[in-house]
Amino acid sequence: MHMSYWFGVDLGSFLFSGYNVTTVWGLVATCLGLAALAVLYEAMKVSQIHLQQAAIRPIPRTTSAASESSSLLSRVTPKNFGTHTRCGSCSRWTLQMLHWSLHTTLGYILMMTVMTYNAYITIALIIGAFFGYCIFGPTLVQLNMQRFHRKQAIVECDKNCEDIISNQQRRESAVSIVAEQLVIEANIEVHVPRNT
């Protein structure tokens, strides 16, 4: 077992017992296969984000004041809530977990191949990761930026819209309008000049 990088063709039993690499063509085929796995690893990063976005369904926001008919709880009926929660969410979650497990396993396999300290294997993985990032990197960056902008819009709306919605709720309530007028009238001080 080598503890430093080495250039050699005879890898012996490579990762799995029974898979012996002893010839140049065996090494070339192994390097090409590992480069393809490195490209697949980069592609799986993009597909993981797509799976996450498919699982998240945005709740429609309304700018009008909340009422009983437009509240979150009144939109969820027991009939569609139970069906959506049990079937849709469970299958999406299971698919995400399987994808994540496969992605993590592939990452560990690629890491173990680098730990053989064979320079040819490491170069093949670097080239595969390079081509994978060239192909899928722009999409990955774009998806991450879309997620960031979506989160930023929600945070900004939560800060700004909270005041707007609470003001609209207060204005639309007849009781609060009357109460505001009474408070204003009660706070008016009458100053009459004395003619002495």
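Going by the conditions given, is TRP25 free of Cβ contacts under 8 Å to residues at least 60 places away in the same chain and open to solvent by 30 Å² or more (accessible area, probe 1.4 Å)? Judged against the criteria, TRP25 is a match. Of the listed requirements (1) in a helix (DSSP H, G or I); (2) modelled with pLDDT under 60; (3) among the hydrophobic types (A, V, I, L, M, F, W, C), CYS134 misses just one: (2).
The values are calculated or read from the model by the stated rules, or taken from the named source; none is laboratory data. From a predicted model like this one, the values you see are computed outputs, not experimental measurements. Here the Cβ is made from the backbone with ideal geometry for all residues, glycine too, and neighbour counts use every protein chain on show. Just the protein is used for accessible areas: all its heavy atoms, side chains included, with ligands, DNA and RNA removed. Shrake-Rupley method; radii C 1.70, N 1.55, O 1.52, S 1.80 Å.
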